[in-house]
1. For region 178-204, how many residues are within 25 Å of Asp152 (Cα to Cα) and touching a Gly at 6+ places or on another chain (Cβ under 8 Å)?
2. Taking region 250-277 as the search range and keeping residues that are over 17 Å from Asn299 (Cβ atoms) and under 11 Å from the mean Cα position of the chain (by Cα), which one is most open to solvent (accessible area, probe 1.4 Å)?
3. Residues that are at positive phi and surrounded by fewer than 15 Cβ atoms within 10 Å (Cβ to Cβ): which strands (runs of 3 or more DSSP E) entirely in region 358-470 hold 2 or more of them?
4. Has region 272-286 got at least one residue that is of a type in the set (S, T, N, Q) and in a strand (DSSP E or B)?
5. Restricting the search to region 347-357, which residues are more than 20 Å from Glu416 (Cα to Cα) and either open to solvent by 60 Å² or more (accessible area, probe 1.4 Å) or without any contact (Cβ under 8 Å) to a residue 12 or more places away in the chain (or both)?
6. Going by the conditions given, is Ala307 buried (at least 17 other Cβ atoms within 10 Å of the Cβ), modelled with pLDDT of 95 or more and of a type in the set (A, V, I, L, M)?
7. For region 490-507, how many residues meet the condition of being assigned to a strand (DSSP E or B) and modelled with pLDDT of 90 or more?
8. Could you pull out the residue among Leu479, Leu467, Leu510 that is of a type in the set (A, V, I, L, M, F, W, C), more than 59 Å from the chain's Cα centre (by Cα) and either at pLDDT 85 or above or closer than 17 Å to Gly386 by Cβ (or both)?
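The values are calculated or read from the model by the stated rules, or taken from the named source; none is laboratory data. From a predicted model like this one, the values you see are computed outputs, not experimental measurements. Using ideal geometry, Cβ is built from the backbone for each residue, glycine included, and neighbour counts are taken over all protein chains shown. Side chains included, ligands, DNA and RNA excluded: accessible areas come from the protein's heavy atoms. Shrake-Rupley method; radii C 1.70, N 1.55, O 1.52, S 1.80 Å.
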Amino acid sequence: MIRNKRYKEILIGHRIEVFAILCLFGLCLANAFSISKSRKHRPNTQDERIYLVHSDELKYDMYGTVPDAQIAKGHVRFRHRGATLSCDSAYFYQQSNSMKAFGHVHFSQGDTLSLKCDRAYYDGMEQQMEARNNVMLKHRGQTLLTDSLNYDRLYGYAYFFEGGRIIDGKDKLSSDWGEYHLDTRQAVFYFKVRLRSTDRLIEGDTLYYDMRKSTAHLVGPSKITQGSSIVNTSNGYFNTKTDKAQLYGRSTIIDKQKSITGDSLYYDKKTGWAEGMGNVIYTDNENKNRLDCGYMRYNEQTGYGFATNRALVRDYSQKDTLYLHSDTMSIYTFNINTDSVYRKIHCYDHVKAYRVDMQAICDSLVFSSQDSCMTMYKDPITWNGGRQLLGEQIKVYMNDSTIRMAKVIGQALSVEKVDDKNHYNQISSKNMEAYFENGNLKMSTAIGNVKVIFYPQDDKDSTLIGLNYTETDTMKMYLTAQRQLDKIWMPKAQGTLYPMTQIPPQKYKLEEFAWFEDLRPIDKDDVFEWRGKNKGELLKQQVRHKAPLLEIESKGVKEE
C-alpha cells in the first residue's frame with residue numbers, strides 16, 4: 001500500500017514536471033512567434049552604443065588620472081550610428097556612452113559631411129559633438145571654419161560662437177556667431193556679419209543665408225558695396241548668383257552722385273532693371289535735380305525709365321528751385337554708352353511747373369538733351385512776372401540750366417498786366433521769339449500778322465499816357481538789363497494813339513485776348529492741383545495750307 005502510494009506521488013510529480021516543461025515550451029513558441037511578428041512589422045532600431053573599432057594601445061586604470069575611462073592611443077577609430085571618428089588618442093567612457101578625442105580628430109558621416117578639429121567631445125546618447133581648435137566642417141560644397149563648434153546630429157545643425165566663416169564657392173561669409181542646418185542647408189549669422197564675393201561686400205548685423213538658392217536675407221542695418229554702388233537697407237534679399245536684390249524697409253541705393261530711396265526697391269543686374277515703389281526719391285547731385293514719385297522703373301542698360309503716381313521733378317541748379325509735375329514721366333536714352341549719347345524726357349497729362357520767377361502749364365512736355373530744348377504741347381501757357389505767354393507750341397532752349405531762347409509757334413499771344421485797373425499790354429502774331437542773356441529777356445520778335453496794344457508811360461511818375469494800337473508784319477522789342485523797354489523796330493507800321501480819356505471800349509483788348517490768372521500755379525504744392533481751361537477756351541488748331549502739287553493725268557493709248 002505504501003509502495004503504491006509512493007509510486008503515485010512520483011508519477012504525479014513527473015506529470016507536473018512534464019506539464020511545466022510543455023507550458024514553458026509553449027510560452028517560448030508564443031514569444032518566438034510574437035518576436036517574429038513584431039520584427040516583421042517594425043523597422044530595426046540602430047544600436048545606441050559607441051564602438052571602439054581600433055587602437056594601437058588600450059588601457060584602463062580605475063585608480064589613475066582618468067577614472068572610468070578606457071584610454072586609447074594610436075590610430076584610434078570609433079563607430080556610432082553610421083558615422084566614424086578617428087583621432088590620435090581618446091578617452092572612452094563606455095558606461096556613459098561618450099568619449100573625448102585628441103589630435104587630428106576626423107568625424108565623417110556618409111559622403112556629404114566631414115568634420116576635422118584638434119580636439120572634441122562626443123556624447124553618444126545625445127548625439128552631440130563639441131569640436132574645438134582649428135575646426136573645419138565640410139558639407140556638400142560648403143566649408144565652415146571656426147575654433148569652437150557644436151554639432152547636433154539629432155536635429156542636424158551646427159553652430160559656432162567665437163567667430164567663424166563659411167566658404168561657398170566664390171562667396172565667403174564670416175560673423176561672430178552663427179548656425180548651419182545640414183538638412184535645409186540654411187545658415188544664420190549674427191554680429192559683424194560680412195559676406196564677400198569677387199566684387200561685392202555685404203555687411204550687417206544679422207543675415208540668413210540659403211546655400212541651395214544662394215540667397216541672403218539681411219535683417220537690421222546692412223550695407224552692400226559693389227563697385228561704385230552702395231546699398232543701405234534694414235530688410236533685404238540678395239541672390240549672390242543672379243545679382244537680384246529685393247529691398248524693403250526704406251532702402252537706399254547710391255551710385256557716385258546719384259541715389260534712389262524707396263519703401264521697396266528691386267534690382268536685377270543682369271537685365272539692368274531697377275524698380276522702386278512707395279515714396280520713391282531719386283537724387284542726382286551732379287546735375288542738382290531730384291525726382292519724387294510713388295512708382296518708378298529704370299533700365300540702366302537701355303536707359304529707359306518710367307515714373308508715375310504724383311511724380312515731381314525738382315531742379316535746384318539755379319538760385320530758385322523749379323518744381324515740375326505730371327501724371328506720367330518717361331525717359332528715353334539714345335546712343336547709350338557712346339560719346340554722342342542724349343536723352344529725351346516725356347511728361348504727359350496735366351503738366352504744371354512752378355518757380356518763383358516762372359510758372360507754366362500744358363498737356364504734354366518733351367525735353368531733349370541733344371539740343372537742350374524743352375517743348376510744350378497742347379494749350380501751353382507760361383507766366384513770368386506780370387507777363388503771360390501762350391500759343392499752340394512753346395519751345396524753350398536751355399544753356400547750362402538757364403534759358404537761352406524761347407519760341408511760340410502758332411497763335412502766339414503775349415499779355416502783360418500794367419496796373420490794377422485791368423490795363424494790359426498785348427501782342428498777337430503767328431509766331432514769337434524771345435532771346436535771353438544771363439537769364440534775363442534781352443530782345444523779342446513777333447512775326448506774321450502782328451497786332452499790338454501798348455500803354456506808354458510818363459517817365460516821371462509812370463502814369464499811363466494813352467493806348468497805342470499798331471498793326472505790322474514784324475516787330476522787334478529791345479529791353480534794358482532792368483527789363484525796361486529800350487526801343488521798338490517795326491517796318492511799315494500802322495498805328496493810332498488814343499489818349500486815356502478817349503479810348504474806344506472795343507480797343508482795350510485784342511480779339512485774341514485771353515487772361516488765365518486763375519490757372520497759374522501759386523506755389524510748389526499747387527502743381528498737384530490741376531485747373532485746366534474750360535471747353536470754350538481751348539485753342540483751335542489752325543490747319544496749315546499745303547502747297548499745291550502738280551498732278552499729270554495719265555492717258556491710255558487707244559489701240560487701232
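1. Residues that pass the stated criteria total 9.
2. Arg250
3. 440-454
4. The answer is yes; a qualifying residue exists.
5. Once the filter is applied, which keeps residues that are more than 20 Å from Glu416 (Cα to Cα) and either open to solvent by 60 Å² or more (accessible area, probe 1.4 Å) or without any contact (Cβ under 8 Å) to a residue 12 or more places away in the chain (or both), region 347-357 yields Tyr348, Asp349, His350.
6. Numbers: buried (at least 17 other Cβ atoms within 10 Å of the Cβ): yes; modelled with pLDDT of 95 or more: yes; of a type in the set (A, V, I, L, M): yes.
Yes.
7. Total satisfying the criteria: 4.
8. Answer to the selection: Leu467.
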